[in-house]
Amino acid sequence: QVQLVESGGGLVQAGGSLRLSCTASGRTFSTYAMGWFRQAPGKERQFVATISWSGMNTYYADSVRGRFTVSRDNGKNTVHLEMNSLLPEDTAVYYCAARISTSATVTAGNYNYWGQGTQVTVSS
């Protein structure tokens, strides 16, 4: 069983930045691909970014590419999502997810564990 805990959410003005972190329990974190998803009120959960076990491969949703950066520190069982140039439409609950595979994927159904989420609110 893997437990994921997100942190770093909050309220920020448009154009600002936030850094989300997700810390995982367990000793096999380095063998998991990790992903970030988000869900705005009344909308379906949406893929944001994913990173392979080594950190060598990353993928982003078109809506965040160039503004968000996903990274990981396997020594600290942590994955980060650096969010810059935030827009009001980035407002959502952001979820961290772990996949029992070394390969990154954009599909939510391929992830095995999920965090509780952290709220990000971007004001205009």
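The values are calculated or read from the model by the stated rules, or taken from the named source; none is laboratory data. These numbers come from a predicted model, not from an experiment. Here the Cβ positions follow ideal geometry from the backbone for every residue, glycine too, while neighbour counts run over all protein chains shown. SASA here: full protein model, heavy atoms, side chains in, ligands and nucleic acids out. Shrake-Rupley method; radii C 1.70, N 1.55, O 1.52, S 1.80 Å.
Descriptive notes on the structure:
- Under Karplus coefficients 6.51, -1.76 and 1.60, residue-wise ³J(HN,Hα) of segment 41-54 in Hz, glycine/proline x: x, x, 10, 6, 5, 10, 5, 10, 7, 9, 9, 6, 4, 8
- For Trp114, the solvent-accessible surface computed with a 1.4 Å probe is close to 80 Å², ligands and nucleic acids excluded.
- Cα-derived Rg to Rh of segment 46-102, Kirkwood definition: 0.96
- Surface share of carbon and sulfur [accessible, 1.4 angstrom probe, percent] for segment 36-124: 47
- By DSSP, the beta bridges lying fully in segment 1-109 are antiparallel in about 95 percent of cases.
- As a rough guide to protection, the peptides 88-97, 22-31 ranked by mean Cβ packing within 10 Å, highest first, stand as 88-97, 22-31.
- Computed from the Cβ-Cβ distance with R0 of 35 Å, the FRET efficiency linking Arg65 to Gln1 stands at 0.60.
- Sites Met56 and Ser85, calculated FRET efficiency, Cβ-Cβ separation with R0 25 Å, nearest 0.05: 0.50
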